[in-house]
Structures are given as structure tokens and as C-alpha cells.
1. Do the sum for the chain: with -39,500 (n - 2.57) for every DSSP H run of n ≥ 4, divided by all residues, what is the mean residue ellipticity at 222 nm, to the nearest 500 deg cm²/dmol?
2. Evaluate the relative contact order of the chain (contact order divided by residue number), counting alpha-carbon pairs under 8 angstrom at least 6 apart; express in whole percent.
3. If we count every other residue with Cβ under 12 angstrom of residue 219's Cβ, Lys/Arg +1 and Asp/Glu -1, where does the sum land?
4. Out of the total accessible area of the chain (probe 1.4 Å, heavy atoms of protein only), what percent is carbon and sulfur?
5. Going by the alpha-carbon gyration tensor, a ≥ b ≥ c the square roots of its eigenvalues, is the stretch 209-367 rounded (a/c under 1.5) or, if a/c is not under 1.5, prolate (a/b greater than b/c) versus oblate?
6. Please express the Cα-Cα pair-distance distribution P(r) of the chain as a list of whole percents, one per 10 Å bin, running from 0 to the bin with the greatest distance.
7. Output ³J(HN,Hα) for the stretch 169-175: one whole-Hz value per residue in order, computed from phi by the Karplus curve 6.51 cos²θ - 1.76 cosθ + 1.60 with θ = phi - 60°, and x for Gly and Pro.
8. Can you spot the aspartates and glutamates whose alpha carbon is less than 17 Å from residue 178's alpha carbon? Ignore those fewer than 8 places along the same chain.
Amino acid sequence: MPQLHKTQICIIGAGPSGLLLSQLLAQAGIDTIVLDRKDRTYIEGRIRAGVLEQGTVEALKQAGVADRLHAQGLPHDGFELAFDGVRHRIDLKALTGRSVMVYGQTEVTKDLFDARFADGQTFFFNVDHVTPNDLKSDRPKVHFTQGGEQHVITCDYIAGCDGFHGVSRAAIPQNVLKTFERVYPFGWLGILVDKPPVSHELLYANHAEGFALASMRSETRSRYYIQCDRGDDIANWSDRRFWETFATRLGPDAAANLQTGPSFEKSIAPLRSFVAEPMRYGNLFLAGDAAHIVPPTGAKGLNLAVADIRLLSRALIEHYAGNDHHIDSYSQTALNRVWKVERFSWQLSTLMHQFPENSPFEKRIQRAEFDYIAGSEAASKTIAENYVGLPLE
Ligand code: APR
Ligand code: PHB
């Protein structure tokens, strides 16, 4: 006999999306159960991006999980683009009146876990065979197993926050779900190193040999990336080869301040743009990476997930207060924003990388676009307003 459980919202996935949703709903007195196929230690160990929009910071503050973020995060008023060593600063503050916060997603996840554990959240970790069922009924269910035991959760709604490889999106019938995808012909090789960042602000560089990004986690810890081949093997990249490649791509001006050292994390991630429509099917809602992926060039993955959760938490809270307006518009409202952020992430990726298939014509166009941005306040402002984050709706 399976063990039976009941809750208002069953949340599949304990990444930032699922954790923030459970936190915001708990504050409104709404009961949730959170499932994940991994455990807390594993989830906290994932290394992801580190730039938070002001709207994301405000949402985390409203959720009561921003104390460490405010103490340790680094406010950034601008960042730089470079093309063949020529640098152009995007002055976020002057162009938009806003800034961004550099604070690792790993830390955001830890803060959310701390808050949910302190609050006594019900979690099931290391679960298998997670299956959302009866999505069109008003009593949807989630079946799963844990340590060989069967469980069933009956709920009002299911939140599919289980990332790109989760089961929630796959539970939407094939004839309903539309997906849109672009796979880029390269990946990002990223390292962490305990050396001060090469520059106080982030620097995105396009060089004839490929893209490089200088980012950071703190004043003493740097996060650096280079464009590599899609199928490249990490074994091909000694620290020495990484540093030589990285320095070349930054250009002599920026590289003059580069402090190298042994990397303590090194991994390759593919680049992809992906959107699934709709983001609701019956009583299942998709949010975060379960519904969409952006290439990391605009640092939008986590920010987009948080925007979804702001919309979804509001919709669910209003539902329990007797108003279904936002629950009915969730998918369309979220997708309107998702597509704009997809556009920006695609555009910045297209501008800043070397595409193997590009002809000399396209390379000149790329160069002309950079020159235009560098010489035009209007063009710089377009980039700035996207980078600091578009309005929620
Ligand atoms: N059953 C239960 N849990 C699952 C399943 C499953 N079948 N499949 C995946 N999960 C869990 C994963 O183990 C992971 O902890 O769902 C969680 C999804 O978390 P994320 O992938 O971090 O997705 P999300 O919470 O939407 O976060 C979006 O994180 O992935 C980055 O770039 C992304 O920054 C963005 C943010
Ligand atoms: C990071 O710090 O990991 C990072 C920053 C900006 C990006 C992507 C990743 O666009």
C-alpha cells in the first residue's frame, strides 16, 4: 500500500524555483510539499551563474532570505563589453538608474534551504519514479518512490520546478506542448579560482579566437569562462592552456591585471535557447528551467526563474483568496516576458561569440554592431535595460 499525503501545492524540484515558491507560499499560509530526486548537499553543490537583477533581489528580500545577500553581495553599477581588445563600458546606473548584484546562485540556494528548514518544510529527497497524474482533475496527484517505498501526494495544484531534465514538462500531452529550441555550436568552459578578479566589473570579450567572460564570486574569488567546442573534453584543458587562452581573448589591456592560480572547479556547459508553451496544463504549472533555458551570456537563467515564481506565487495566493484572474493568465504573462529575455540572451550570445559557420560578411556585421553600441547611448541603453531586468509584466 502506498503512503498517502495531502497538501495544497505539490512542488516537484528543490532548485531555486521550487524553494522560492515554497517560501513565498508558506509566508501566505499555503501548505506545500517539495520533492527532489537529489539531496540538499548535491543541490547546493551545483555551480551556476551569479548576477541578480534588482527585481530578483527584491523578491528574495520579500521572501525574507536576503540578509546574507545584502551583507556579502557585490553591487555592480556597470559591466564591460570588449571586441578584439577594445573595451566599452555599459554604465547600468547612468543609463537605467538601476544596478545588479553579484552573488552566486549556490548561495541563493543555501539561503533558501536554511529558511525552509527553519520553517519545518516537508521535503522528500532522493525520490524516484516521480509521476504527475490526473492533471485535468481538481485533485491532481503525484506518485513517487523513496527508498523502495511508494508514496502518493494529493493536492490542489502541482508546480513543475524540476529543471530542463525533469518529468513535469513531459507530462503535458504531445499534441498540446510546443517547444522551440536553438542549440549553439559551442560550449562554455568555466573555472573557479581563489584570486582577485581581473577587473572590478564583469567583462564579456569577443576575440577572433572566441569568447571569454571575466566574472567573480567575491573580492578574492574569480569565475572565468571561455568559449570551447561543443563536444570538447575537459581533459583537453590544463590550467595552463586555460590561462593562456583566457588572457589572449581578454586582450592585453585587461589581461595585464590577470592573476592566475590553480583552478578548483572546471566544467563545460552547452549553450541552448529553449521555450516550452504553454506553461500551464490543467492543474500543472511549469516554472524556471522546466519551461525554458537561456544561454548564460546575459546571466538570465536564475532571474527568469525568479520572475516566473513571482507571478506564480501571486496567482496561487490570489486563488486561495477567491480570485482566479492571475492563475488564468499565468502562462501567457510569463511567456510574454520569457520570450523577451530569450531574445536578449540570444542577441548578446550572437554578438559576443565566434560562430564556426560565420562568413567574413557576418563577422564584419558583428564588429559593426559592437561599434554601433560603443558609439550610441541609445544602443547601450537597450542593452542596459535588458541586463538590469525588464519589468515583471
Ligand atoms: N523528480 C524530482 N526532482 C527532479 C526531477 C524529478 N524527476 N528532475 C529534476 N529534479 C530536480 C533537480 O534535481 C533539481 O534540484 O529539480 C531541480 C531543478 O532545479 P534547477 O535545474 O536548478 O531549476 P530551477 O529551480 O528552475 O532553477 C533555475 O537554476 O538551472 C539553473 O540556469 C538555471 O539559473 C537557473 C535556475
Ligand atoms: C557567473 O558569474 O557565473 C556569470 C556571470 C555572468 C554571466 C554568466 C555567468 O553572464
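1. Numbers: 12 runs with 143 residues, N = 393.
The per-residue figure over the chain is -11500 deg cm²/dmol.
2. Numbers: 799 pairs, mean separation 79.8, N = 393.
Computed value for the chain: 20 percent relative contact order.
3. Working: positive: 195, 217, 221; negative: 194.
Computed value for this residue: +2.
4. On the way: 8260 of 16680 Å².
Reported share for carbon and sulfur atoms: 50 percent.
5. On the way: a/c = 2.80, a/b = 2.03, b/c = 1.38.
Prolate.
6. All Cα pairs, binned at 10 Å, distribute as 5, 23, 31, 24, 13, 4, 0 percent.
7. After applying 6.51 cos²θ - 1.76 cosθ + 1.60, I find 4, 5, 7, 7, x, 4, 7 Hz.
8. 277, 289, 342
The values are calculated or read from the model by the stated rules, or taken from the named source; none is laboratory data. The structure presented is a predicted model; accordingly, all values stated were derived computationally and were not measured. Using ideal geometry, Cβ is built from the backbone for each residue, glycine included, and neighbour counts are taken over all protein chains shown. Please note that ligands, DNA and RNA were not included when accessible areas were found on the heavy atoms of the full protein model with its side chains. Shrake-Rupley method; radii C 1.70, N 1.55, O 1.52, S 1.80 Å.
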